[in-house]
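Notes for the one structure printed next.
The values are calculated or read from the model by the stated rules, or taken from the named source; none is laboratory data. Since we're looking at a predicted model, the values are computed, not measured. For neighbour counting, all protein chains shown are included, and Cβ atoms are generated from backbone atoms with ideal geometry for every residue, glycine included. In case anyone asks, the SASA skips ligands and DNA or RNA and just uses the protein heavy atoms, side chains included. Shrake-Rupley method; radii C 1.70, N 1.55, O 1.52, S 1.80 Å.
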Amino acid sequence: MSTAPGGLLTVTQALTRAQALGLDRLDAQLLLLHALGRGESERAWLLAHDTDLLPDEQVNAFEALCQRRLAGEPVAYLLGHKEFWGLALAVDARVLVPRPDTETLVEWALEVVDAMGLPAAAPTGPRVLDLGTGSGAIALALAHARPALRVAAVDRSADALAVATGNALRLGLAVDFRQASWLDGAPTGLDLIVSNPPYIADGDPHLAGLGHEPRAALASGPDGLADLRSIIAAAPAHLTPGGWLLLEHGWDQAEAVCALLVRAGFGLVRSRADLAGHLRCSGGRWPSKSLAELG
Ligand code: GLN
């Protein structure tokens, strides 16, 4: 994408060259805006300024971003942020990029806590724990959507927690972050446990395309279910009767996860579809007996 000697590139020329190199049109636009110090919402600026000449310095910055994108880095890492549930989250290679699919889990979690009845004032609402929080996406979305909730979150990775706490601080959201592996050292009496754990099988060829994201956040044993199994086995001891466990999993794991939930003694076990129509989340209420039966 180097300029002809003495020549400068226009906005349109820079974008056209990036696409000729193999970049997606939207990615090219977002990366050019970033190189120009402009926000993602300014795509109209590119159209209005299509014949503007770009200084070499900015063309070089854009070219460097394009090369990184072509080498497989997620656009969110290059821009340094990703929108999730309407929140601008800082993300980098220390955390998984939040996926829109995970908003299915947030929606379900909100329905569950709303059905429990939310007090008007913080901090007396239901107690929620997000396991493997990464950038903090799920925990922060819940804290933002329902300020009365008492939201805590854990991650085994200190690096991930640094990203998550930075996001909470920037967004002014109160989430209690702690370093832990799944439910180790977690309190009892929780109303809701949510998690988007790693769930891709170790040998899945799909992992190759995700090489820039932390493998520990993606892969989970020969069948991808190792962490889901651990969480399902440990959750009952930490849930209050009537509390819920909601999990994200792979597009083809709903049946296996529901079977694990039933076997562990959960009731009302069911799955929910993501935007693409795949059964992406499963969950249940602890225990399978009705609350009346529990007395
Ligand atoms: N949804 C991600 C993907 O398949 C995986 C996320 C995860 O393992 N929790 O790209």
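With all protein chains present, how much of the accessible area of region 200-295 (probe radius 1.4 Å) comes from carbon and sulfur, to the nearest whole percent? The nonpolar share, carbon plus sulfur, comes to 58 percent.
Highest average first, the peptides 136-149, 275-288 ordered by how many other beta carbon atoms sit within 10 Å of their residues are 136-149, 275-288. Would you mind telling me the share, in percent, of accessible area of region 1-88 contributed by carbon and sulfur at probe 1.4 angstrom? Accessible surface attributable to carbon and sulfur in region 1-88 totals 50 percent. Remark: region 52-67, residue by residue, has Karplus-estimated 3J(HN,Hα) of 4, 8, 9, x, 3, 4, 6, 4, 5, 4, 5, 4, 5, 5, 4, 5 Hz, where x stands for each Gly or Pro and the curve is 6.51 cos²θ - 1.76 cosθ + 1.60 at θ = phi - 60°. In degrees between 0 and 90, to the nearest 10, how far off the longest principal axis of the chain does helix 25-35 point, with axes built from Cα atoms? Helix 25-35 sits roughly 80 degrees off the main axis of the chain.
LEU183 sits with roughly 10 Å² accessible to a 1.4 Å probe, with DNA, RNA and ligands left out of the calculation.
Take the chain with all the other protein chains still there, run a 1.4 Å probe, and you get 46 Å² of accessible area per residue.
As a length-normalised measure over Cα pairs under 8 Å and 6 or more apart, the relative contact order of region 239-295 settles at 43 percent. The relative contact order of region 37-159 comes to 18 percent, based on Cα pairs under 8 Å that sit 6 or more residues apart.
Rounded to whole numbers, the Karplus 3J(HN,Hα) couplings from phi for region 183-195 are 9, 4, x, 6, x, 9, x, 6, 8, 7, 10, 10, 7 Hz, using 6.51 cos²θ - 1.76 cosθ + 1.60 with θ = phi - 60°, and x at Gly and Pro. For region 142-238, the relative contact order is 25 percent, taking Cα pairs closer than 8 Å that sit 6 or more residues apart in sequence and dividing their mean separation by the residue count.
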